[in-house]
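First the structure, in the form of structure tokens, and then the observations on it.
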Amino acid sequence: MDDGRRVRRDRNRDSVVDAMLDLYNDGNYAPSADEIAERAGLSARSLFRYFEDIDDLCRVAISHQIDRVRPALDIDARPDAPLAGRIAAFVEQRLRLFDAIGSIGHVSRIRAPFQPVVAAELSVARSFLRHQAARLFSPELAAMPDDLATTMLGVVDVVTSFEGYHLLRDDQQLSVEQIGDAFTTAITRLLAPPTSAV
């Protein structure tokens, strides 16, 4: 394949992925080949010169969006910093990350039961976020009995998950600021040292 054809192929492939992501952002989580092709400015038949099928295109689109949001995975805090500052940095990162992930988070969860590759990528992402919380809040967790630390980490992980964020935003109609306040309050209470009985 000459350089000109390769450039055109890569450009068209990128156009199809961008079209798929645009349709997801519009709330169309299962677009047809015709809808994708129309958005990309190509023929429906030409889509399958670049992808094996719609599932393959979906997998590539999810991977592409994950690469885009990778910088949002960083947390500007260390485990030895004051707890309040760590919680603030953690909550800010989760809000920024979930906003950046956008509709692809919903799509990956819809597709995961039917696409093992998507399910595996989702599992890796969830594991990363859980370990990130475990590392950042390691001093507080280490001060707890092992069983309690495991439970508290699990609750922090669930409360501040993509699913938790969207339940609060979409079902409870909370603003992003209110969700941040809820995350902060929940983490603070979950990690607080037990009070001594008087």
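Coordinate-derived values only; no laboratory data. Every value quoted in this text rests on a predicted model; they were computed, and no experiment measured them. Neighbour counts are summed over all protein chains in view; Cβ atoms, including those assigned to glycine, are modelled from backbone coordinates with ideal geometry.
Data for the structure
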| item | result |
| --- | --- |
| In degrees, nearest ten, helix 146-159 long axis to first principal axis of the chain (Cα) | 50 degrees |
| Normalised convex hull volume, region 71-191, alpha-carbon set, Å³ per residue | 108 Å³ |
| Between 0 and 90°, nearest 10: helix 116-136 axis offset from the chain longest Cα axis | 30 degrees |
| Sites matching chymotrypsin sites (Phe, Trp or Tyr not before Pro) across region 99-156 that sit in DSSP coil, with at most 10 neighbouring C-beta atoms within 10 Å | 114 |
| Calculated [θ] (222 nm, deg cm²/dmol) that DSSP helices of n ≥ 4 give over the chain, each run adding -39,500 (n - 2.57) | -23000 deg cm²/dmol |
| Directionally averaged shadow of region 14-123, computed from the convex hull of its alpha-carbon atoms, nm² | 7.6 nm² |
| Stretchable slack from residue 117 to residue 151, in nm (0.36 nm times residue separation minus alpha-carbon distance) | 9.4 nm |
| Neighbourhood charge, 12 Å Cβ-Cβ cut-off, centred on residue 77 and excluding it, Lys, Arg +1 and Asp, Glu -1 | -1 |
